[in-house]
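Participant: Sharing a structure, written as structure tokens. Questions coming.
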Amino acid sequence: MIILKQGDITEEDVAVIVNAANSGLRGGGGVDGAIHRAAGPAVMEECQKIGHCATGEAVMTQAGNLKAKKIVHTVGPVWYGGNRHEPELLRSAYRNSFILARNGCFRTIAFPAISTGIYGYPKKEGARIAIKTGIEFERDFEEIRYICFSAEDLKIYQDIFKKERAT
């Protein structure tokens with residue numbers, strides 16, 4: 001089941017929360033900063049031991065103080081106009097997050113809108129990749145949640161979800 005909602009991803013009661021991380025796993029602004037603040041310093045310590053995550057890849061840590069059991073940290077691409085393999089890298093970030101969670105036998109997962117904040121990925125195109133990838137993995141999970149920060153983002157996800165379900 002795919003669920004679309006507006007909210008704070010750090011408050012989701014799921015097995016895995018996905019973090020839109022930077023490649024140095026250093027924490028930062030936006031979703032990344034919020035997740036690290038809510039999870040506590042143990043998660044940052046674990047990230048520092050891992051050290052690096054390439055764009056399109058994903059790594060898993062404990063979830064610290066969050067309700068979730070694990071955090072998957074994935075690095076989406078910075079948008080440069082679409083000519084530097086950004087769609088493939090974003091798809092890979094979502095796919096690798098799903099694969100890590102599935103391989104860990106986790107059945108519920110929550111995603112933010114990866115790369116559409118400070119990384120500048122166009123929101124509609126990012127949502128389309130997120131939804132299409134979620135549909136590919138839907139049979140492997142009890143719940144896939146897309147947590148949108150704003151009402152505007154939620155509307156984009158709802159419109160794209162409706163179109164993808166119709167095809």
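Participant: Among G64, I144, A166, pick out the residue whose Cα is farthest towards the positive end of the charge dipole of the chain, where Lys and Arg carry +1 and Asp and Glu carry -1 on C-beta, about the Cα centre.
Facilitator: Selected residue: A166.
Participant: If I take every Cα pair under 8 Å that is 6 or more residues apart in the stretch 12-167, average their sequence separation and divide by the length, what percent do I get for the relative contact order?
Facilitator: This gives 23 percent for the stretch 12-167.
The numbers here are math on the coordinates, done by the rules we state, and not lab data. Computed from a predicted model, the values in this text were never measured in an experiment. Note: ideal-geometry Cβ built from the backbone for every residue, glycine included; neighbour counts use all protein chains shown.
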